[in-house]
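Throughout, read-outs are computed from the coordinates displayed, never taken from laboratory work. Treat the numbers as computed from the prediction; the structure is a model and nothing was measured. In this analysis, Cβ positions are derived from the backbone assuming ideal geometry, glycine residues included, and neighbour counts consider all displayed protein chains.
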Amino acid sequence: MTVPEITLNDGHTIPQLGYGVFKVDPAETERLVATALEVGYRHIDTAAIYGNEEGVGRAIAASGIPRDELFITTKLWNSEQGTDKPRAAIQTSLDKLGLDHVDLYLIHWPRPDQDLYVDTWRQLETFRGEGLTRSIGVSNFHRPHLERLLAETETVPAVDQLELHPAFAQRELRAFGADHGIHIEAWGPLGQGKYDLFGEKAVADAADAHGVTPAQVVLRWHLDHGIIVFPKSSTPERIAQNFDVFGFELTPDEVAAIDAIDRGQRVGSDPDTATF
Ligand code: NAD
């Protein structure tokens with residue numbers, strides 16, 4: 001099973017499929033990340049706010065996998081934006097992860113009410129120059145937030161990590177990203193289980209046709225659209241299942257039918273108004 005590698009706008013590559021650890025219990029994180037690494041995942045998506053960077057770090061250290069074969073993402077939390085705080089925040093994350101650099105460091109939310117994200121982005125540019133992170137990107141940035149970074153700073157974000165699943169397919173931001181060399185990562189790729197995605201006819205029919213699970217169909221749909229994806233599960237069988245998505249192919253009609261599920265149905269917070 002070979003996970004495709006995507007080349008980012010800075011020349012670094014990222015495995016298109018990874019394992020996300022939002023809401024993975026810190027006490028279980030080491031065991032579950034170890035399971036993911038055994039299954040074959042080489043890309044882990046965490047964040048300072050998840051409280052489980054230590055567990056990710058312990059699993060990495062115990063795995064014996066060479067550092068350059070792993071792709072580790074973490075994120076700067078909203079309260080740490082601004083001129084002085086990001087440096088301490090990235091160093092704390094690196095210490096918890098037991099790493100001297102991450103592969104991708106993201107601004108977690110734009111928090112336009114704080115109006116600190118442009119200044120924060122300049123800090124991330126510095127961290128990249130110092131080798132604390134290979135690539136830098138953003139998360140939950142809408143077009144106006146991206147346009148400010150493009151206009152006011154030197155670096156185009158390598159990625160924008162967005163809520164994205166069939167009922168909330170983010171077509172406009174995907175097109176904007178494609179036009180500007182910003183790769184799109186999906187969070188909540190399975191809708192976080194907050195609506196009956198697996199019961200959608202297009203998903204269920206494709207699952208039946210290929211003898212796979214609805215989750216595998218949805219992950220394949222993301223991959224076919226060039227989206228970077230890292231589903232979360234705390235169940236070893238599902239962690240393995242979510243990695244086993246390269247043994248079948250959706251037909252163009254099946255992809256189109258899943259595309260038609262889009263109805264602008266957000267399951268998480270709106271980045272324009274989020275104030276946490
Ligand atoms: P997800 O869509 O991956 O849903 C996870 C849930 O789906 C699991 O808890 C489980 O109940 C279910 N599931 C997983 N595999 C399944 C399977 N094979 N069969 C049936 N059910 C299955 O949601 P998520 O965890 O929110 O998103 C994935 C990752 O995205 C996170 O772990 C995190 O790394 C990242 N994320 C980022 C942000 C952000 O603001 N940047 C926000 C949320 C999540």
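Summary table
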| item | result |
| --- | --- |
| The chain: relative contact order as a whole-number percent, Cα under 8 Å and 6+ apart | 20 |
| Dipole in debye (nearest 20) - the chain, about Cα centre, beta carbon charges: Lys, Arg +1; Asp, Glu -1 | 380 |
| Furthest towards positive pole of dipole, ALA207, ALA48, LEU104, structure part the chain, Cβ charges | ALA48 |
| Computed magnitude of the charge dipole of the range 15-135 (debye, nearest 20; Cβ of K, R +1, Cβ of D, E -1) | 80 |
| Equivalent ellipsoid, the range 132-236 (semi-axes from 5 times Cα gyration tensor eigenvalues, Å) | 30, 14, 11 |
| For the range 1-148: relative contact order, % (alpha-carbon pairs under 8 angstrom, 6 or more apart) | 19 |
| Radius ratio Rg over Rh of the range 90-185, counting only Cα atoms, Kirkwood formula for Rh | 0.98 |
| Fewest-first sequence of ILE107, ILE44 by Cβ atoms within 10 Å of each Cβ | ILE44, ILE107 |
| Length-normalised contact order of the range 20-88 in % [C-alpha pairs under 8 Å, at least 6 apart] | 36 |
| Calculated from backbone phi, Karplus (6.51, -1.76, 1.60) coupling profile of the range 102-111 in Hz, x at Gly/Pro | 9, 8, 8, 10, 10, 6, 5, 9, x, 6 |
| Fewest-first ranking of PHE127, PHE198, using other Cβ atoms within 10 Å as the exposure measure | PHE198, PHE127 |
| The range 5-21 - phi-based ³J(HN,Hα) in whole Hz, Karplus 6.51/-1.76/1.60, Gly and Pro as x | 9, 9, 8, 7, 6, 9, x, 7, 10, 10, x, 5, 10, x, 10, x, 10 |
| Long-range amide H partners of GLY18 with built H, under 5 Å | VAL229, PHE230 |
| Charge dipole (debye, nearest 20) of the range 209-261; +1 at Cβ of Lys and Arg, -1 at Cβ of Asp and Glu | 260 |
| Cα coordinate range in the chain, projected on the principal axes (Å, largest first) | 54, 42, 33 |
| Sequence-distant residues sharing a close amide H with LEU76 (under 5 Å, placed H) | LEU106, ILE107, HIS108 |
| Cα radius of gyration and Dmax for the range 18-126 (Å) | 14.1, 43 |
| In Hz, Karplus ³J(HN,Hα) per residue of the range 154-163 (6.51, -1.76, 1.60; θ = phi - 60°; x = Gly, Pro) | 8, 10, 7, x, 5, 9, 10, 8, 10, 4 |
